[in-house]
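Notes to accompany the following structure.
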Amino acid sequence: MERLHIDLNEHSYDILTGHGLLDQAGTLIRRVWSGSRAVVLTDDTVRDLYGSRLEQSLSAAGISAAVFSVAPGEQSKSMKVLEHLLDFMASHGLTRSDLLIVLGGGVAGDLGGFAAACYMRGIAFVQIPTTLLAQVDSGVGGKTAVNLESGKNLVGAFWQPRLVISDTSLLASLSAREFAGGMAEVIKYGCIFDRSFFAFLEGCSDRSELMERMPYIVHRCCDLKRIVVEEDERDTGRRMLLNFGHTFGHAMETIGSYRRYIHGEAVALGMLLAMAYGRLTGVTEEDPAPALIRLCQRFGLPVSTDIPPSAMAEHMLIDKKADGSRIRLILLKNLGEACVETVTKEELIQRMQQLDAVWGK
């Protein structure tokens with residue numbers, strides 16, 4: 001088991017990574033929390049796969065847990081579902097000394113983390129991420145949110161977990177599409193921070209080889225994220241670099257009503273579009289797109305879309321990274337080195353219209 005400590009003063013916590021940790025969850029939680037009552041948030045698919053194992057582990061550690069399960073998919077990250085969850089927590093008499101445990105992927109983690117931040121002005125929660133995307137990204141760092149009809153993650157809070165338990169053996173049950181979606185976030189770390197890690201991924205031939213190296217992959221991604229979260233917990237400086245591909249990707253998710261592309265697919269396309277934007281504006285010195293395209297194709301991620309860049313602009317302007325009439329874009333200077341570029345509304349619209357002529361060609 002690998003242990004990674006996130007140093008955020010009174011909000012510090014550990015990320016535990018390894019095979020078989022789900023069955024130790026009760027004991028591991030006991031090390032950081034002394035209560036006896038919890039609510040487990042999960043989704044219907046994950047509950048069928050792993051719910052009983054978690055409940056047995058919690059019961060063996062003297063933790064009584066009620067389970068709240070939601071439908072899988074981005075549609076559950078809504079204000080309506082949040083309200084139902086909060087009512088469930090209240091109906092089971094949860095107090096500020098009790099615990100919320102999230103067993104699931106990014107949707108459950110975002111929803112549950114925000115519920116924990118809201119309920120009684122904040123209660124402890126533990127993340128047990130079950131998808132690759134959640135283990136390397138959304139389950140770490142304390143960003144929580146739900147969606148509005150007008151955009152993704154527009155209502156949320158920064159609320160750090162008490163503990164993150166990443167059992168990499170759970171990733172074997174992911175569909176090919178969900179596994180590929182998680183790989184988009186893995187690849188992102190190589191693009192923005194670590195060219196040698198990108199090269200390491202290029203040396204992996206398929207999912208089977210990735211799974212053999214998964215404890216290292218998850219640990220390395222979390223360690224790269226740890227560095228920027230400790231420096232910039234509230235996402236006002238260097239942590240913004242983690243949004244590479246996301247501003248473009250969130251627009252595609254919104255246009256597709258969160259059904260056309262899963263998050264990782266949209267991020268992969270968003271990274272490619274950010275590279276095209278960087279090349280158009282001269283920010284990106286080399287052309288990393290061919291290497292990224294090869295890696296995305298190897299792991300089953302899309303590399304083109306018929307959504308024109310100009311159609312994304314209006315959605316990008318209501319992104320969380322927008323500030324009045326300006327928006328911050330995360331672009332690459334070179335592979336392994338990202339930067340923040342602030343552009344005006346007019347410049348963004350003009351550049352996205354220019355990209356219509358070359359995007360996907």
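The values are calculated or read from the model by the stated rules, or taken from the named source; none is laboratory data. The shown structure was predicted, so the numbers you read here are calculated from the model rather than taken from an experiment. Positions of Cβ are generated from backbone atoms using ideal geometry, with glycine treated the same way; all protein chains shown enter the neighbour counts. For the accessible areas, the whole protein counts, side chains as well, though only heavy atoms, and no ligand, DNA or RNA atoms are used. Shrake-Rupley method; radii C 1.70, N 1.55, O 1.52, S 1.80 Å.
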Odd one out for Cys204 among (1) open to solvent by 10 Å² or more (accessible area, probe 1.4 Å); (2) more than 28 Å from Asn147 (Cβ to Cβ); (3) not in a helix (DSSP H, G or I): (1)
Residue within region 257-280 that is open to solvent by less than 10 Å² (accessible area, probe 1.4 Å), over 19 Å from Val186 (Cβ atoms) and part of a loop (DSSP other than H, G, I, E, B) present: no
Of all residues in region 295-319 being touching a Ser or Thr at 6+ places or on another chain (Cβ under 9 Å) and not in a helix (DSSP H, G or I), the one that is nearest to Gly249 (Cα to Cα): Asp319
Hits in region 296-344 (condition: open to solvent by 40 Å² or more (accessible area, probe 1.4 Å), acidic (Asp, Glu) and farther than 15 Å from Gly278 by Cα): Asp306, Glu314, Asp323
Unmet requirement for Asn153, which otherwise passes all of (1) within 27 Å of Leu331 (Cα to Cα); (2) at pLDDT 95 or above: (2)
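So which residues in region 65-97 are among the charged types (D, E, K, R), open to solvent by 10 Å² or more (accessible area, probe 1.4 Å) and out of contact with any His (no Cβ under 8 Å at 6 or more places or on another chain)?
The first filter runs over region 65-97 and keeps only residues among the charged types (D, E, K, R), leaving 74, 77, 80, 83, 87, 96.
Checking the rest, the ones that are also open to solvent by 10 Å² or more (accessible area, probe 1.4 Å) come to 74, 80, 83, 87, 96.
Once the filter is applied, which keeps residues that are among the charged types (D, E, K, R), open to solvent by 10 Å² or more (accessible area, probe 1.4 Å) and out of contact with any His (no Cβ under 8 Å at 6 or more places or on another chain), region 65-97 yields Lys80, Glu83, Asp87, Arg96.
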Pair list, Cβ < 7 Å and 6+ apart or interchain, from region 166-179 residues that are of a type in the set (S, T, N, Q) to residues that are open to solvent by 10 Å² or more (accessible area, probe 1.4 Å) and in a helix (DSSP H, G or I): Thr168/Pro215; Ser173/Leu49
Residue selected from region 284-293 under the condition surrounded by fewer than 16 Cβ atoms within 10 Å (Cβ to Cβ) and touching a residue at least 40 places away in the same chain (Cβ under 8 Å), by the criterion farthest from Asp206 (Cα to Cα): Glu285
Qualifying residue in region 103-122 (condition: farther than 23 Å from Lys188 by Cα, touching a helix residue (DSSP H, G or I) at 6+ places or on another chain (Cβ under 6 Å) and among the aromatic types (Phe, Trp, Tyr)): yes
So Tyr216, is it open to solvent by 10 Å² or more (accessible area, probe 1.4 Å) and at pLDDT 95 or above: yes
Whichever residue in region 224-274 is β-branched (Val, Ile, Thr) and in contact (Cβ under 8 Å) with a residue 60 or more places away in the chain and, among such residues, is nearest to Asp306 (Cα to Cα): Ile255
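So, Val46, is that one open to solvent by less than 30 Å² (accessible area, probe 1.4 Å), more than 25 Å from His219 (Cβ to Cβ) and of a type in the set (A, V, I, L, M) or not? Before the answer, list the steps.
Working: open to solvent by less than 30 Å² (accessible area, probe 1.4 Å): yes; more than 25 Å from His219 (Cβ to Cβ): no; of a type in the set (A, V, I, L, M): yes.
So Val46 fails the test.
Being among the acidic types (Asp, Glu) and buried (at least 23 other Cβ atoms within 10 Å of the Cβ) is the requirement here; does Glu253 meet it? Full working, then the answer.
Numbers: among the acidic types (Asp, Glu): yes; buried (at least 23 other Cβ atoms within 10 Å of the Cβ): yes.
The answer is yes for Glu253.
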Qualifying position, being in a loop (DSSP other than H, G, I, E, B), buried (at least 23 other Cβ atoms within 10 Å of the Cβ) and not small (Gly, Ala, Ser), among Val136, Val102, Val140: Val140
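Residues Glu209, Glu265: which one is at pLDDT 95 or above, over 27 Å from Lys77 (Cβ atoms) and of a type outside the set (Gly, Ala, Ser)? Spell out the reasoning first.
On the way: Glu265 fails: over 27 Å from Lys77 (Cβ atoms).
It is Glu209.
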Answer from Leu86, Leu82, Leu94 - the residue that is over 24 Å from the mean Cα position of the chain (by Cα) and in contact (Cβ under 8 Å) with a residue 12 or more places away in the chain: Leu94
Matching option when the condition is of a type in the set (Ser, Thr, Tyr), assigned to a helix (DSSP H, G or I) and open to solvent by 10 Å² or more (accessible area, probe 1.4 Å), among Tyr189, Tyr119: Tyr119
